[in-house]
Amino acid sequence: QVQLEESGGGLVQAGDSLRLSCVASGRDFGNYAMGWFRQVPGKEREFVSALNWKGGATAYADSVKGRFTISRDNAKNTVYLQMDNLKPEDTAVYYCTRAGGNKIVRIDFQFDCWGQGTQVTVSS
C-alpha cells in the first residue's frame with residue numbers, strides 16, 4: 001500500500017516562501033497524477049494544485065495561481081509544492097494526494113491515497 005509523507009510546513013510571515021515535499025513509498029509513483037489539497041478547521045478540503053504523471057500538465061486553484069508551483073521528480077518518488085508570496089489566507093493543513101489515474105483531476109473523491117498533512121501558518 002502506498003504511503004505519502006509530507007514535510008516542509010511551518011510558520012512564516014506574509015510574503016515569505018515555503019516548499020512542501022511529499023515522498024511516496026512503493027512502486028509505480030510515476031504512473032499516477034498527484035495533487036495537493038488544503039483544509040482549515042470548520043471548512044471543506046480545498047483543491048490547491050495537481051499535475052499529471054509526467055509533470056507536463058499542471059492545474060491550480062485560482063486563489064494560488066501565479067504564486068504556487070507544483071512539480072515532481074519521479075526518480076525520487078517526490079512531488080513538490082513551491083509556495084511564494086504567501087498570504088495569511090493560505091494558512092491551512094496541506095495534504096499530498098495521489099490520483100486514481102495518470103491524468104489531472106480536481107475533486108477529492110478522484111484521489112485514492114492521502115498523506116497525514118503538514119501545517120502551514122502565515123502571519124500578517
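The values are calculated or read from the model by the stated rules, or taken from the named source; none is laboratory data. In this text, all values refer to a predicted model and were calculated from it rather than measured experimentally. Glycine also receives a Cβ, built like all others from the backbone with ideal geometry; neighbour counts cover every protein chain displayed. We work out accessible area using only protein heavy atoms, side chains counted, and drop any ligands, DNA or RNA first. Shrake-Rupley method; radii C 1.70, N 1.55, O 1.52, S 1.80 Å.
When V79 is tested against (1) β-branched (V, I, T); (2) open to solvent by less than 40 Å² (accessible area, probe 1.4 Å); (3) out of contact with any Cys (no Cβ under 6 Å at 6 or more places or on another chain), only condition (3) is not met. For segment 21-69, residues that are over 13 Å from the mean Cα position of the chain (by Cα), surrounded by 19 or more Cβ atoms within 10 Å (Cβ to Cβ) and over 19 Å from N102 (Cβ atoms) total 0. For segment 104-113, does any single residue satisfy the condition of being closer than 13 Å to C22 by Cβ and either of a type in the set (G, A, S) or outside any loop (DSSP other than H, G, I, E, B) (or both)? Yes: one or more hits. Modelled with pLDDT under 95, assigned to a loop (DSSP other than H, G, I, E, B) and more than 14 Å from the chain's Cα centre (by Cα), is that true of G15? Here the answer is no, as G15 does not meet what is asked. If V93 satisfies every condition in (1) open to solvent by 50 Å² or more (accessible area, probe 1.4 Å); (2) touching a Gly at 6+ places or on another chain (Cβ under 7 Å) but one, which is the exception? With respect to (1) open to solvent by 50 Å² or more (accessible area, probe 1.4 Å); (2) touching a Gly at 6+ places or on another chain (Cβ under 7 Å), V93 is out only on (1). Please go through segment 96-124 and pick out each residue that is small (G, A, S) and open to solvent by less than 20 Å² (accessible area, probe 1.4 Å). Across segment 96-124, the qualifying residues are A99, G115. Within segment 11-25, the residues that satisfy the criterion of being touching a residue at least 60 places away in the same chain (Cβ under 8 Å), over 14 Å from L81 (Cβ atoms) and not aliphatic (A, V, I, L, M) are Q13, G15, D16. The residue pairs whose first member lies in segment 60-82 and is over 26 Å from V2 (Cα atoms), whose second member is open to solvent by 30 Å² or more (accessible area, probe 1.4 Å) and modelled with pLDDT of 95 or more, and whose beta carbons are closer than 6 Å, counting only pairs six or more residues apart or on different chains, are R67/D84; R67/N85.
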